[in-house]
1. Being of a type in the set (Val, Ile, Thr) and out of contact with any helix residue (DSSP H, G or I) (no Cβ under 9 Å at 6 or more places or on another chain) is the filter here; which residues of the range A:40-86 pass it?
2. Scanning for something facing chain B (nearest Cβ under 10 Å), under 22 Å from A:PRO445 (Cα atoms), assigned to a strand (DSSP E or B) and among the polar types (S, T, N, Q), does the range A:343-353 turn up at least one residue?
3. (1) at pLDDT 80 or above; (2) farther than 20 Å from A:SER231 by Cβ: which one isn't true of A:PRO192, the others all being true?
4. Tell me which strands (runs of 3 or more DSSP E) are completely within the range B:89-184 and hold 2 or more residues being of a type in the set (A, V, I, L, M) and surrounded by fewer than 19 Cβ atoms within 10 Å (Cβ to Cβ), or say none if there are none.
5. Inside the range B:159-192, can you point out the residues that are under 20 Å from B:ALA69 (Cα atoms), more than 8 Å from every other protein chain (Cβ to nearest Cβ) and among the aliphatic types (A, V, I, L, M)?
6. Which residues, taken from the range A:118-153, are of a type in the set (Asp, Glu) and at pLDDT 85 or above?
7. If the Cβ limit is 7 Å and pairs must be 6+ apart or interchain, which residue in the range A:66-83 that is assigned by TED's automatic domain parsing to the domain that holds A:PRO104 and buried (at least 17 other Cβ atoms within 10 Å of the Cβ) pairs with which residue that is of a type in the set (Ser, Thr, Tyr) and part of a strand (DSSP E or B)?
8. Go through A:ALA458, A:ALA388, A:ALA426, A:ALA416 for me and flag whichever is buried (at least 16 other Cβ atoms within 10 Å of the Cβ), touching a residue at least 12 places away in the same chain (Cβ under 8 Å) and closer than 30 Å to A:THR238 by Cα.
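The values are calculated or read from the model by the stated rules, or taken from the named source; none is laboratory data. Since this is a predicted model, take the numbers as computed values, not measurements. Neighbour counts run over all protein chains shown; Cβ positions are idealised from the backbone, glycine included.
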Amino acid sequence: MSSATTHKTLATLLAALIFLGATPSGDEKRISIYSTVATYALPVLDRNGREYVGLLEILEPLGRVSATVEGQRWKLRFNDVDSEFVARKTRGRIRGREAELAAPFLIENSRGLVPLSSLTTLLPRFLGTPVNFHESARRLFIGDVATQVRAQLDATNPPRLVLNFSAPVNPTISTEPGKLRMLFTRDPLVPPGSETLSFDNKTITQTTFSESNGSAELVIAGAAPLMASFSNNGRTITVAAAPQGAVAGRAPTPEPAMSGVQSGAAVPAPPVVSNGRRLVAVVDPDHGGEERGAALSDKLAEKDVTLGFARLLRHELEMRGFSVLLLRDGDTSLTLDQRAGAANASHAEIYLSLHASSQGTGARAYTALLPVEGESKGIFHAWNAVQAPTLALSRSVAAAIVSELQKKQFPARQSAAALRPLNNVAMAAVAVELAPGPGGIADLPSAEYQQKAAAAIADAVASLRDRLGTQP
Amino acid sequence: MIPRHLVIGVAVMLAVVLSMGIYLRHMRRRAGEIQAAAADARPVAPPASGPTENVTLYVADDAAGILRAQAAKIPLPGGRQQRAEELLRALLRIYQQPDSPHPLAAAADIRSIYLVAPGAAVIDLNAAFADEHRSGILDEQLTVNSLVETLAVNIPGVSRVRILVEGRTRDTLAGHADLSEFFDVSAVAQAQ
């Protein structure tokens, strides 16, 4: 193995380690709870071969709740309902009447744990409303919250699969050869009449619904690369074959063999740089975790808008053949140095930082406003001015983004900002701040509005792929 | 008969107790004066006086997302540092008007400006300035640019500016604009 390859492998591993360290493990068991009051997920604990969950944690988002421990007795009050459980006993009392548990009640660090399988009997007695528990998938529906989906294939040329949802949805979308996956972690999506729908069509062949570990997933199989677009305020997702123009301009380097590639499938060859490597884009949804960013409204935090926006941008860039590293794909926090470190270690061609603001309209594209540079040695720039050699290219990308946004009727302008980690990134780096459109603040979380902006940004980045691929 | 050394000892102790009491009374009066001074919200320094001068203030306009040069006549004291402080306070008064194009908190203030090493200026903001500032790249950067440009254009020789909050380094103004480094005046001017 050559030295360059070794370095590249180590850098990729480092980036992966940083990324994995900042995001929760995908193997962690969890239960998702959907109600009209709140949608949330909680960790599930394995005890004595059974799955348990904290009872107070389940009820906390749904009303006023308090709990006390008196020796082996655990007392909980939810709104005006009193209950009492005893450690290692399978019987408790709710509203003065006995309640049977499927396994012994546990007390751990003052937390009362109940078996997952008992939730269907316990919760209605606290809440006074029926619950529907998909136990194998650990998805709990309280009251009438289910979101239904109806799939309809429009066999025009090119064919389109129109998915109509009974409420707005915001899935994480990913693509792989021959498949488009939509992962619904926060949407109470329930199975359609049949979990597998087959279509008599050569382009879009099948839709499969599955659910596990607190999430639901729709997989659309096709014989061509597929892309999804949102409309109707997130109530409709249209899946169609990716237009060839979206992957035009690529070099004729063959795609490495990938598992799961269907025979004869037209897999889009990605844009490549001179050494045959795929162009890599780092998408950074700013803020996250405790760091909420700007309060865009009473309920809307900047960190949530940037995450949804980043997922859509990832999809748009992937559709144009880029490999995308999303720096956070959940509500996790990263320091600015971690963000810069992960971007630099990935050896990507472009870094896109995403922000949102309630001020102004449209969108703004920012490049680094470099501070007075620290001590630099020869060709090595100080940490606060790592961006200096690529600033001109960054400005070109920002100008292209503004131009593409304006084509889509977004009021947009370009400027410079003292915004870390733009100045610490050793590649073309642009921050995009999404502002409200004609619909006001309600536009910011709108999948349709975000999709439009994401497509414009991806078009701009793709238009500069040749220059991005020849960065020093 | 009480031994003489005992009488002397008691007398010394009484003298010490008496002097401690007087000292305590004095300290209580001092503490009261300090507390009263701290609660006094009246400005410590007199309003600026001196000949009125023409200056150019760079006023942020949120709607347009730019700075607008605005001529103003304000009384400026003689000292370079005091002039810088009065200049930015005049800018701040515009932002604190009800119809401000870039609203800042009513309690926001410039604590001090230090003109230190050749070409370097340090602006020390009070906590309310930063704590109550709206969060967002555009909002925060306009504030920074406005302060830096106004200072650099009216105080000759300033080439880099640092912003502190309550005398301390702060990572960002309100979550976005980086305050941990010196701003390069020429780079800020080009960013407009």
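1. Just the residues of the range A:40-86 that are of a type in the set (Val, Ile, Thr), to begin with: A:44, A:53, A:58, A:65, A:68-69, A:81, A:86.
Passing the criteria: A:THR68, A:VAL69, A:VAL86.
2. Taking the range A:343-353 and keeping what is facing chain B (nearest Cβ under 10 Å), we get A:353.
Still in the running and under 22 Å from A:PRO445 (Cα atoms): A:353.
Filter once more, so that each one left must be assigned to a strand (DSSP E or B): A:353.
Subset that is among the polar types (S, T, N, Q): A:353.
Checked the range A:343-353: at least one residue is facing chain B (nearest Cβ under 10 Å), under 22 Å from A:PRO445 (Cα atoms), assigned to a strand (DSSP E or B) and among the polar types (S, T, N, Q).
3. So the condition that A:PRO192 fails would be (2).
4. On the way: elements: B:110-115, B:120-125, B:160-165.
The strands (runs of 3 or more DSSP E) meeting that bar are B:120-125.
5. Within the range B:159-192, B:VAL161, B:VAL185, B:ALA189 qualify.
6. Of all residues in the range A:118-153, those of a type in the set (Asp, Glu) come to A:135, A:144.
Within the range A:118-153, A:GLU135 is the sole residue that qualifies.
7. A:LEU76/A:SER83
8. Working: A:ALA388 fails: closer than 30 Å to A:THR238 by Cα; A:ALA426 fails: closer than 30 Å to A:THR238 by Cα; A:ALA416 fails: closer than 30 Å to A:THR238 by Cα.
Just one listed residue meets the conditions, A:ALA458.
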